[in-house]
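Comments concern the structure below.
No value in this document is a laboratory result; all are computed from the given coordinates. What you see is a predicted model; the values in this text were computed from it and never measured. Note that each Cβ is placed from the backbone with ideal geometry, even for glycine, and that neighbours are counted across all protein chains shown.
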Ligand SMILES: [Zn+2]
């Protein structure tokens with residue numbers, strides 16, 4: 001059966017697992033078309049569970065237990081997921097500004113997604129505003145302060 005949530009799907013061609021909402025059409029690893037009855041290793045409720053599920057599914061059985069323990073203790077152990085720091089924050093804000101040094105929720109959100117920062121653009125802007133990093137210019141427009 002194809003679960004309604006997020007599925008960890010195993011490609012029958014390259015045996016690599018990947019995450020999908022519902023079931024996918026092709027394998028992102030080898031490009032092989034996936035059959036309708038592609039093996040669903042497990043189904044999870046959220047994208048973050050999905051990431052753990054995929055990581056576990058692609059880990060050799062003997063290493064899986066220790067990985068699972070680490071992941072359960074702290075989901076932030078994924079190397080690309082560094083907690084937001086005050087060194088990194090201005091850089092993310094800067095990357096979201098236009099040529100006039102202004103940014104909006106709309107321009108910031110993709111930068112956060114790209115940096116794997118798990119925080120809402122609006123929350124981050126509010127936080128930066130209170131830290132004096134941003135100055136509100138308009139309803140959805142902020143100036144980055146040096
Ligand atoms: Zn594949």
Sorted by packing (mean other beta-carbon atoms within 10 Å per residue), highest first, where do 31-42, 115-126, 59-70 land?
115-126, 31-42, 59-70
For the stretch 88-144, calculate the relative contact order in percent as a whole number, restricting contacts to Cα pairs under 8 Å that are 6 or more residues apart.
35
In nanometres, the difference between 0.36 nm per residue of separation and the alpha-carbon distance of residue 127 and residue 64 is 18.9 nm
Please give the contour-minus-distance gain from residue 141 to residue 12: 0.36 nm per residue of separation, less the Cα-Cα distance, rounded to one decimal in nm.
41.6 nm
Taking a point 7 angstrom from the Cα of residue 73 along the C-beta vector, which residues in the stretch 51-67 have backbone N less than 12 Å away?
66-67
Taking the mean number of other Cβ atoms within 10 Å as a proxy for protection, how do you rank 43-49, 8-14, 106-112 from highest to lowest?
8-14, 106-112, 43-49
Cα gyration tensor, the stretch 6-77 - rounded (a/c under 1.5), prolate or oblate:
prolate
